[in-house]
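Notes follow once the structure below has been shown.
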Amino acid sequence: MRLKLVPSDTNFDFLKLQKITMVLSTFLVLASIGMFATVGLNLGIDFKGGILLEARNMTGPADISKVRNDLGTLNLGDVSLQGFGTETDVLIRIQRQEGDEKAQIAAIKAVTDMLGSDYDIRRTEFVGPTVGAELAEKGILAVMCALMAILVYIWFRFEWQFSIAAIVALAHDVLSTIGLFSLTSFEFNLATVAAILTIAGYSINDTVVVFDRVRENLRRYKSYEQRDILNRSLNETLSRTVMTSVTTLLALTAIVIFGGAVLRDFALAMIWGVIIGTYSSVFIAVGMLSRFDLKRVDDDENGIEVPEYER
C-alpha cells in the first residue's frame, strides 16, 4: 500500500483564499523590510571582517564543543567554529576586534594560548573590512543575478505573465527569509547567501511544476474558466508538492538535530525556505497568475502550438 499524504482526488478552491493570502503575504514582506531597516542583520565574519585560524589537534579528534566553550570565556565577540578535513582539524572565525592591528594580534595570541600545546596553528588570516564589504557586494550580486536569470528562463519557457508571477513569488520568499534572519538574529554569512539561493531554486522548481500543469490544462480544457483551470492544476500537483516538501523537511530536521551549531542556522533557514517556498508556489505565484488573461493554445496538424489569435 502506497503512502499518500494527500488524496489523489482533492478539489480545494485555492483561489478562494487569494485575498487572505495576499494580505498575509503583503504584511509579511512589509514586516520583513521594516525589520531589516530598523534592526538590520547579524552579519557574520565573512561580511564584517575578522580573524581566521586553522588549528589541528595533535593528540586526537578535536573537541569542537569544548573549544567553543573555552573561546566564549575570552570575550572576543562573535566566534564560530567548523570542523573540516580530518576530525582533528578545526576552523576558528573570530570577529574583527576594536582597535588597530595590535588588537587583532592580541586576540590571535589569546586564542593560541587558550588552545595550548595540544593544537598546532597551521594558518592565520585576517579578513579586513574592505574584503568583507566586497563579499557582501558579491553576495547581493549573486542573488540578483540568480533572480534575473530565473525571470528570463520562465519568460522563454512559458510567457511573460508566468515570469512576472514567478519573480513576485521569489521576491516574497527572499525578503521573508531576510526578515526571519533579522527577527531571530541568526548569523548572516556566506552560507546564508547559499541558503537563499537554494531556497530560490527550490521555490522555482515547485512553481515550474505547477505552471507546466497550468499550461497543459489551458490546452486541454478550452471550455473551462481560467479560474477553474488554475484550481484544477493546483489540485493535480498538490500531492507531488506536499511529498517533496515533507521529504526535504525530514532531511533538514535531521541536520538541525545532528548537524551541530555550525549547520543549525543554515538548516533552520532552509526549513523556513521550504515552507514559505511551497506556500508561495501555491498561493502567490498562481494567485498572481490569475490576475492575467492567459492565452489558450491549440496544436496544428504538425503538432506545433498555435496561439489562440492565429486560429
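The values are calculated or read from the model by the stated rules, or taken from the named source; none is laboratory data. What you see is a predicted model, and the numbers here were worked out from it, not measured in a lab. When we count neighbours, we look across all protein chains shown, and the Cβ atoms used for this are built from the backbone with ideal geometry, even at glycine. Just so you know, the surface numbers come from the protein's heavy atoms only, side chains and all, with ligands and any DNA or RNA stripped out. Shrake-Rupley method; radii C 1.70, N 1.55, O 1.52, S 1.80 Å.
Okay, here's what the table says:
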read-out: Failed condition for Lys222, given (1) assigned to a helix (DSSP H, G or I); (2) open to solvent by 40 Å² or more (accessible area, probe 1.4 Å); (3) farther than 30 Å from Ser182 by Cβ; value: (1)
read-out: Meets criteria (over 24 Å from Gly83 (Cα atoms), at pLDDT 80 or above, in a helix (DSSP H, G or I) and over 28 Å from the mean Cα position of the chain (by Cα)) for Arg227; value: yes
read-out: Gly201 vs. criteria assigned to a helix (DSSP H, G or I), on the phi < 0 side of the Ramachandran plot and at pLDDT below 85; value: yes
read-out: Count - residues of the stretch 22-70 that are among the hydrophobic types (A, V, I, L, M, F, W, C) and part of a helix (DSSP H, G or I); value: 16
read-out: Any hit, the stretch 161-179, residues being more than 15 Å from the chain's Cα centre (by Cα) and at pLDDT below 80; value: no
read-out: Residue check, Val23 β-branched (Val, Ile, Thr), free of Cβ contacts under 8 Å to residues at least 60 places away in the same chain and in the same structural domain as Ala136 (by the TED database); value: yes
read-out: Filter pass, Leu238 being surrounded by 22 or more Cβ atoms within 10 Å (Cβ to Cβ) and either in contact (Cβ under 8 Å) with a residue 40 or more places away in the chain or not assigned by the TED database to the domain that holds Ala166 (or both); value: no
read-out: Selection count, the stretch 26-57, where residues are touching a residue at least 24 places away in the same chain (Cβ under 8 Å) and either within 30 Å of Asp120 (Cβ to Cβ) or of a type in the set (S, T, N, Q) (or both); value: 16
read-out: Every residue from the stretch 135-187 that is touching a residue at least 24 places away in the same chain (Cβ under 8 Å), farther than 22 Å from Gly44 by Cα and open to solvent by 60 Å² or more (accessible area, probe 1.4 Å); value: Arg157, Ile164
read-out: Single residue of the stretch 11-35 satisfying the filter (among the hydroxyl-bearing types (Ser, Thr, Tyr) and surrounded by 14 or more Cβ atoms within 10 Å (Cβ to Cβ)) that is farthest from Asp173 (Cα to Cα); value: Thr21
read-out: Tally, over the stretch 188-208, of residues that are free of Cβ contacts under 8 Å to residues at least 60 places away in the same chain and either open to solvent by 40 Å² or more (accessible area, probe 1.4 Å) or touching a Cys at 6+ places or on another chain (Cβ under 8 Å) (or both); value: 2
read-out: Candidate set: the stretch 102-134, residues that are over 28 Å from Pro61 (Cα atoms) and open to solvent by less than 80 Å² (accessible area, probe 1.4 Å); chosen: the one modelled with the highest pLDDT; value: Ala103
read-out: The lone exception for Pro61 - which of (1) modelled with pLDDT of 80 or more; (2) touching a Leu at 6+ places or on another chain (Cβ under 7 Å) it fails; value: (2)
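The rows are residues; the columns are (1) within 26 Å of Leu175 (Cα to Cα); (2) outside the structural domain of Leu170 (by the TED database); (3) not hydroxyl-bearing (Ser, Thr, Tyr).
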site	(1), (2), (3)
Val209	yes, no, yes
Val214	no, no, yes
Tyr224	no, no, no
Phe266	yes, no, yes
